[in-house]
1. Select from the stretch 438-463 the residues that are part of a helix (DSSP H, G or I) and touching a strand residue (DSSP E or B) at 6+ places or on another chain (Cβ under 8 Å) and write down the one among them that is surrounded by the fewest Cβ atoms within 10 Å (Cβ to Cβ).
2. Pick out the one residue from Ser240, Ser226, Ser231, Ser285 that is at pLDDT below 80 and not β-branched (Val, Ile, Thr).
3. Going through Gly122, Gly183, Gly172, Gly116 one at a time, which residue ends up being of a type outside the set (D, E, K, R), loosely packed, with under 15 Cβ neighbours inside 10 Å, at pLDDT below 75 and closer than 30 Å to Ala20 by Cα?
4. Would you call Leu236 outside the structural domain of Leu321 (by TED's automatic domain parsing), within 30 Å of Arg272 (Cβ to Cβ) and either assigned to a helix (DSSP H, G or I) or β-branched (Val, Ile, Thr) (or both)?
5. Would you check which residues across the stretch 257-278 are aliphatic (A, V, I, L, M) and either crowded, with 17+ Cβ neighbours inside 10 Å or in contact with a Lys or Arg (Cβ under 9 Å, 6 or more places away or on another chain) (or both) and list them?
6. Among what's in the stretch 145-161 and is at pLDDT below 75 and crowded, with 19+ Cβ neighbours inside 10 Å, pick the residue that is farthest from the chain's Cα centre (by Cα).
Amino acid sequence: MFTSRLFWKLLITCSGIGVAATIFLAITIAQQRGDHLVAEFDEHLELTSSRVGDHLSELLASKDSQQAFDQLKHFANLAGVDFLVLGPRGKILAETSAEPDHDFKDLATEQLGAPGLHVVPGTGDRYVVRRVANERPGEVFLCTLVQRTKIDKKIRAARTVIYLVAAIVVLGSVGLTYWVTHGVLQPIMVLQKAVDAVAGGNYHQRVYVSNRDEIGWLATAFNHMSQEIDSRISQLRQNSQRQATVLGGMIEGVIAVDDRERILFANKAAGRLFDFVPSAIQGRSLLEVMRISALHEAAAGAIATQQLMRCETEWGSDDTLTISVQATPLSGDPCPGVVLVMHDVTELRRLETLRQDFVANVSHELKTPLSSIKAYAETLQNGALEDKQNRRRFVGYIEEQADRLHHLIVDMLAVARIESEDEMFEINSVSIQEVVHESIESRRASLDAKQIKLQWYATDPALCVRADQEALREILDNLLDNAVKYTPNEGKVTVHWEPEGELARIAVEDTGMGIAGEHLDRIFERFYRVDKARSREMGGTGLGLSIVKHLVEVFGGSTEVQSERGKGTTFFVRLPLA
């Protein structure tokens, strides 16, 4: 309280006004009281002089002068004044003062011819001259005197009382001012502390004031305001947390910039996409953080036109990403900023490319056997049916192309079923040795025809994997088909398997022409061929390795290829152990 400037201002101002008013009134009243006392003394002098003069006149008339002069002392003691009786030519006939003032006597003598009230110059003593009798050869005058010291004594006594009462009033007024000021400022200071707490972020403040005046109303309004602010802040905090959760959980990168393209907000997805820490880039320029001119142009265009802007750009040096950008201007005039939403469409564009390649490849793969069938059929219709020597050969060609078309369609349907997860598999413990043996035996004729030497071995022949037996057979059939097709006569094909942690690794190795390094990343794509002309001559559909990859992934495994041009190829299949 005592540190409050307002408290001291109110206390000093109100107390000063009260003290000044009290002092002024005290001085005024004291002055008036002094004048009143002087007037009372003058009236008392005249009244006393009149009564004593009348009595003295009667005694002098009765020729009893001595008795008259003796009673003067009694009257002087009763009235508190001094008497001086003067005869003709200023002769002192009687006096009541033990030490008469000669100056006063002289003055009284001088005023014998002027009866009435007189004031002694210098001392301020007051006296009244009255003629009381006539004697021959002169007159007798009565002088009634009161000394100024007696008057001043009573005036001082009166003023002391007045000033004492004024001092009590001053102390009372100061105390009352303090009490009133304290009563007014105490709830205000409570409100001030509560306001400071709210300004510091503590929105749970409540003020309890017993006043039933405007201050009490102000406290009630403050409590209502504090409650409303607390509720609004809680809602804003919840909305902000929800918004942060939503933005943080988005796979799209979100960056908000102001009208000067300074970053206001960035979510985690944007940080992962462009390799930065979102909290460390706030306030920095967009072009400084990400040197992508397309982003800058999209943001600048949205701010300038206040229209939605879209673009695509590439990012990265090693693994180039294709990023779709949408710049949405914030509402306001002028535009206060832009929200950039960025989506990694690299996989989408890759899939679109694959789809386009797939459509082209399917069209080409279907067109080739259909064109052959149509050509042979037209040849037969144009007269080859009558050619007994060649018509059987033409029908054989048609059958061969029909089989090729059939295998192509079957493989395409198989890939589609596997990818759509419509294919039902019976997952069991499957012996690798058993499946390898069946697959090798089914290709014994092809191996013998090309005089290919086939070997198989295993560190653990009894190794089993978790898979579908028919699907594992199809995996090995495709791998062995490729190995036999691309291995020259008198070449060598090797199949071996071994445990590798919780997986079993199956390897199919050949001594064929090998695959160049630039083709290894795409070898498992559908219809991808290293040497398209030679692959078609060998009757391949281009879907075998794609089927292998999809089947292995269904069983929770992985595929790998190692090859060197002119030195053969090795395909690895890893499947979970049973």
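1. First, the residues of the stretch 438-463 that are part of a helix (DSSP H, G or I): 438-442, 444-449.
Applying the additional criterion that residues be touching a strand residue (DSSP E or B) at 6+ places or on another chain (Cβ under 8 Å) yields 440, 447.
Working: Ile440: 17, Leu447: 19.
If we take residues in the stretch 438-463 being part of a helix (DSSP H, G or I) and touching a strand residue (DSSP E or B) at 6+ places or on another chain (Cβ under 8 Å), then Ile440 is surrounded by the fewest Cβ atoms within 10 Å (Cβ to Cβ).
2. Numbers: Ser226 fails: at pLDDT below 80; Ser231 fails: at pLDDT below 80; Ser285 fails: at pLDDT below 80.
Ser240 is the lone residue from the list that is at pLDDT below 80 and not β-branched (Val, Ile, Thr).
3. On the way: Gly122 fails: closer than 30 Å to Ala20 by Cα; Gly172 fails: at pLDDT below 75; Gly116 fails: closer than 30 Å to Ala20 by Cα.
Sole residue among the options that is of a type outside the set (D, E, K, R), loosely packed, with under 15 Cβ neighbours inside 10 Å, at pLDDT below 75 and closer than 30 Å to Ala20 by Cα: Gly183.
4. Values: outside the structural domain of Leu321 (by TED's automatic domain parsing): yes; within 30 Å of Arg272 (Cβ to Cβ): yes; either assigned to a helix (DSSP H, G or I) or β-branched (Val, Ile, Thr) (or both): yes.
Answer is yes for this residue.
5. Of the residues in the stretch 257-278, the ones aliphatic (A, V, I, L, M) are 257, 263-264, 266, 269-270, 273, 277.
Hits for the stretch 257-278 are Val257, Ile263, Ala266, Ala269, Ala270, Leu273.
6. Of everything passing the filter in the stretch 145-161, Val146 is farthest from the chain's Cα centre (by Cα).
This table checks each residue for (1) at negative phi; (2) exposed (fewer than 15 other Cβ atoms within 10 Å of the Cβ); (3) not β-branched (Val, Ile, Thr).
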{"position": "Val195", "(1), (2), (3)": "yes, no, no"}
{"position": "Ala199", "(1), (2), (3)": "yes, yes, yes"}
{"position": "Tyr208", "(1), (2), (3)": "yes, yes, yes"}
{"position": "Leu218", "(1), (2), (3)": "yes, no, yes"}
{"position": "Arg232", "(1), (2), (3)": "yes, yes, yes"}
{"position": "Val246", "(1), (2), (3)": "yes, yes, no"}
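The values are calculated or read from the model by the stated rules, or taken from the named source; none is laboratory data. Keep in mind that this is a model prediction, so the values were computed, not measured. Every residue, glycine as well, gets a Cβ built from its backbone with ideal geometry; the counts of neighbours run over all protein chains shown.
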